[in-house]
1. Given the options 406, 333, 338, name the one that is modelled with pLDDT under 90, open to solvent by 70 Å² or more (accessible area, probe 1.4 Å), within 22 Å of residue 459 (Cα to Cα) and within 43 Å of the chain's Cα centre (by Cα).
2. Would the stretch 272-281 turn up any residue that is modelled with pLDDT under 75, of a type in the set (D, E, K, R), part of a helix (DSSP H, G or I) and under 18 Å from residue 430 (Cβ atoms)?
3. Take the conditions more than 25 Å from the chain's Cα centre (by Cα), open to solvent by 40 Å² or more (accessible area, probe 1.4 Å) and in contact (Cβ under 8 Å) with a residue 12 or more places away in the chain and apply them to residue 164. Does it pass?
4. Is it the case that the stretch 177-190 has a residue that's crowded, with 16+ Cβ neighbours inside 10 Å, of a type in the set (Val, Ile, Thr) and touching a residue at least 40 places away in the same chain (Cβ under 8 Å)?
5. Could you list all residues from the stretch 399-420 that are part of a loop (DSSP other than H, G, I, E, B) and touching an Asp or Glu at 6+ places or on another chain (Cβ under 8 Å)?
6. Could you list, in sequence order, the residues of the stretch 154-166 that are touching a helix residue (DSSP H, G or I) at 6+ places or on another chain (Cβ under 9 Å) and part of a strand (DSSP E or B)?
7. Checking the structure you have, find out if any residue of the stretch 225-233 is open to solvent by less than 80 Å² (accessible area, probe 1.4 Å) and in contact (Cβ under 8 Å) with a residue 60 or more places away in the chain.
8. Which one of 75, 68 is part of a helix (DSSP H, G or I) and under 16 Å from residue 167 (Cα atoms)?
Amino acid sequence: MRARIGRLAPAGLRWRLAGWVTLVTLACTAIVFVAVYRGTGDQLRHQIDSEIAGDAAELAHNVAMAKAHTPRQLARAATRYIDAQPFSASSTLLFALVPGQAPSTNRPELFGNPPPDEGETRAEQEQENRLAAHLLVVGDGYSTLSLPDVGNLRLLKRSLRVPGGLQATIGVGEPLAAVARAQRGVARAFILAGLLALAGALLGAYLIGARVSRPLRSMAAVAARVDAGDLHPRIHDAGGRADEVKVLADAFNHMLDRLTDAFAGQRAFVADASHELRTPLTVIRGQLEVLASQREPSPEEVRRVERLVQAEIARIGRLVDDLLLLARTEQSEFLRLEPIDLAAYVRELWDGVSLIAQRRFELGPLPRGTLKADPDRLAQALRNLLTNAIDHTAPEDGLVRMRVQERPGGRVRFLVEDDGPGIPAEQRERVFDRFHRTDTARDRASGGTGLGLAIVRAIADAHGGSVSAGASPEGGARIELELPGYTPVPTPVRPLA
């Protein structure tokens with residue numbers, strides 16, 4: 001068990017909690033980053049598309065209104081318009097392609113085959129020329145190209161037919177460097193904010209984990225002491241909390257309380273059982289020693305010792321039977337429930353018990369109905385109650401009374417009353433404990449084991465009922481046994497005369 005407790009070390013819990021919170025924070029930050037990063041790019045691209053669409057419309061309008069009659073005139077008109085635009089050479093691309101004429105553009109290096117720049121090889125320049133040639137072959141509409149010395153370019157191409165039957169192709173492009181710069185800015189901001197958020201989440205989760213695990217550390221320490229055999233420690237530092245940890249601590253303390261009571265009861269039970277078994281064994285050994293000390297014991301002495309030994313052996317047998325019965329009450333097959341005709345059942349039981357002693361036996365009215373119970377166990381419980389009343393009343397005129405009452409909710413109550421000395425108020429709860437006696441000497445003299453009422457309570461609990469002790473109207477004892485499962489028989493309605 002110590003190894004299992006060690007695996008639940010509070011430091012591990014703190015770090016695991018911090019790790020999980022950090023992972024969740026990282027995942028959420030990543031999701032937000034992707035959404036903002038892509039949203040920023042999409043928004044800027046949409047803005048660029050709108051701008052180049054407006055520029056393309058303006059260029060197409062001016063080319064169409066140039067009143068050119070030849071391709072040369074149309075190309076010159078396009079060149080004049082493009083040269084008059086206040087665009088810088090590194091921001092916006094404008095061009096117009098008229099069949100049979102040189103391209104009209106503000107970036108002529110993209111449409112010719114210029115020689116290599118200083119520091120460039122011919123192969124590198126040819127690669128750039130091939131990339132630039134895509135401007136001529138790409139179709140109409142929006143497209144994204146990668147051009148030398150420009151980078152990624154958003155391009156819009158349109159084909160025009162101007163008055164006079166002339167044709168031209170115009171194009172407007174905008175570099176996507178602004179989109180890349182904006183996305184890099186978003187990435188830098190999210191990296192910085194993410195690192196701060198992760199650090200804060202890690203610190204906060206660790207502190208929260210330390211606070212949450214504090215009662216768990218107490219539980220681990222208490223569990224270690226319990227494992228060592230000490231059942232007295234309790235968890236006291238969870239007070240004032242109103243969360244699951246306090247519920248767990250209270251349940252843990254309640255479990256320890258029950259374990260303490262169970263072990264104390266077990267030790268007391270073993271001690272009482274040992275004492276109860278030791279008494280008859282001591283008597284048997286003493287009588288046999290007395291008999292053995294006589295050289296020639298008389299037949300009367302042998303028979304006397306035989307009777308005493310047989311009586312003590314019978315007492316040991318009853319004690320063992322009662323102990324076995326109490327042990328079986330915790331098994332699921334202890335009861336065999338069946339419907340019982342209550343009135344007939346109680347009368348038969350009463351007739352048998354009332355013949356074992358001379359007392360004033362009184363049986364009250366019996367309700368008509370059926371009770372779902374184990375007839376053998378119920379009979380044993382009622383016989384124990386009646387026998388207990390007989391043992392505590394005077395011969396001949398002692399009162400032993402039994403009443404059966406119908407209770408609400410499908411329950412029935414058996415009351416056994418007598419006019420004996422009764423049960424002191426402070427012992428009315430303890431009389432159902434094993435080996436408890438209100439008059440130890442008297443009960444042992446009568447052959448009782450001290451388990452009769454404990455058996456009654458075990459049978460009542462197995463049925464889902466209850467048993468309690470009180471005082472009878474005559475001042476003696478009254479034991480109430482209440483069981484569920486009662487169904488009354490409907491009273492027939494007599495027809496009117």
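1. From the options 406, 333, 338, the qualifying one is 333.
2. yes
3. yes
4. yes
5. Hit for the stretch 399-420 is 419, nothing else.
6. Within the stretch 154-166, 154, 155, 156, 157, 158, 160, 161, 162, 166 qualify.
7. Scanning the stretch 225-233 turns up at least one residue that is open to solvent by less than 80 Å² (accessible area, probe 1.4 Å) and in contact (Cβ under 8 Å) with a residue 60 or more places away in the chain.
8. The conditions single out 75.
The values are calculated or read from the model by the stated rules, or taken from the named source; none is laboratory data. This one's a predicted model, so the numbers in the text were calculated from it and none came from an experiment. All Cβ positions, even for glycine, are placed from backbone atoms using ideal geometry, and neighbour counts span all protein chains on display. Heads up: the accessible areas ignore ligands, DNA and RNA and are worked out on the full protein's heavy atoms, side chains in. Shrake-Rupley method; radii C 1.70, N 1.55, O 1.52, S 1.80 Å.
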